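Each remark here refers to the structure printed beneath this line.
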Amino acid sequence: FHLGGEHCNVAEGGYSMNASDAFENTDEIIPNDIRPGYFCAGVKDEPGHPYTLDPFHFQHCENVSVGYTYEFHWVHSTAGPLSEMLSGGLGGVFARSINPSAFVRGQICRIVNDPHGTQPYEKFNETWREPVTNAMHYVGSTTGTSYDNYKCSPAEVTWLVDRDCCTLWSGLLHIVGAELGSVVPYLLTFGKDMEGDVKPAPSRLLVAPFISDSQATILNSTEP
């Protein structure tokens, strides 16, 4: 997952705020000087919301804070490992081929604290919030700050990105549920080189129009 959205949606309910617009003190927003992406509007802008921005003690995630926005990726590949072993970063995408067919589901969420602990997305560790009724489908590439608008990634990726900002309870970043326990111990136990995935990665520069997919389409609904 990434600090801020690597995508941007200026429509109402989207994510288009810079860190400096979303927070007064951006020094607290950028752990380890990583580049932030785009932020959702603060929950204080939502009348009658049941959430708070009270601090939450994250036991298993690093450099994560209530009030921030993160972009989460669920990566799928035809060259994934045959075993159930997970790999950190994009390692699993190229486990059996250097030119796989890959698609990524992306969702941008603000993190809040819910004093009641209610959360409608119990399976968020496995898949994105559903149903997604407003998504963008396009062909792009892998992300991260290793590439920009002049140095392109060689790996093609089909993207499906939720255009709405979702609100995520802070507890789900480290709690999977009664069966699995916590996300991070699960990843570190059943994964390989997963240490870097327990903290947000930097966000790449927004892709310039001249290298963007001209055939991108908006989907009004998606299948699970």
Report task. Highest first, please rank the peptides 145-153, 107-115, 199-207 by the mean number of other Cβ atoms sitting within 10 Å of their residues. Result -> 107-115, 199-207, 145-153
Requested in this report: Tell me the label-point distance for the pair F94, H116, using the 7 Å Cα-to-Cβ offset, in nm and rounded to one decimal.
Outcome: 4.7
Query raised in the report: Once amide H atoms are placed 1.01 Å from N in the peptide plane, what residues at a sequence separation of 5 or more from T158, or on another chain, have their amide H within under 5 Å of its amide H?
Result: A102, F103, V104, G140
Report task. Report the label-to-label distance for L53 and T78 in nanometres (one decimal), using points 7 Å from each Cα along the Cα→Cβ vector. Result -> 4.6
Query raised in the report: What are the residues whose amide H is under 5 Å from the amide H of G4, where those residues sit 5 or more places off or on another chain and H is modelled from the backbone?
Result: G37, T69, Y70, E71
Query raised in the report: Residue by residue through region 62-71, which ³J(HN,Hα) values in whole Hz follow from phi under the Karplus form 6.51 cos²θ - 1.76 cosθ + 1.60 (θ = phi - 60°), with glycine and proline marked x?
Result: 10, 6, 10, 9, 5, x, 7, 10, 9, 9
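Read-outs: derived from the displayed coordinates by stated rules, not from any lab. Values in this document were obtained by computation on a predicted structure and should not be read as measured data. Cβ atoms come from the backbone with ideal geometry, glycine included; neighbour counts cover every protein chain shown.
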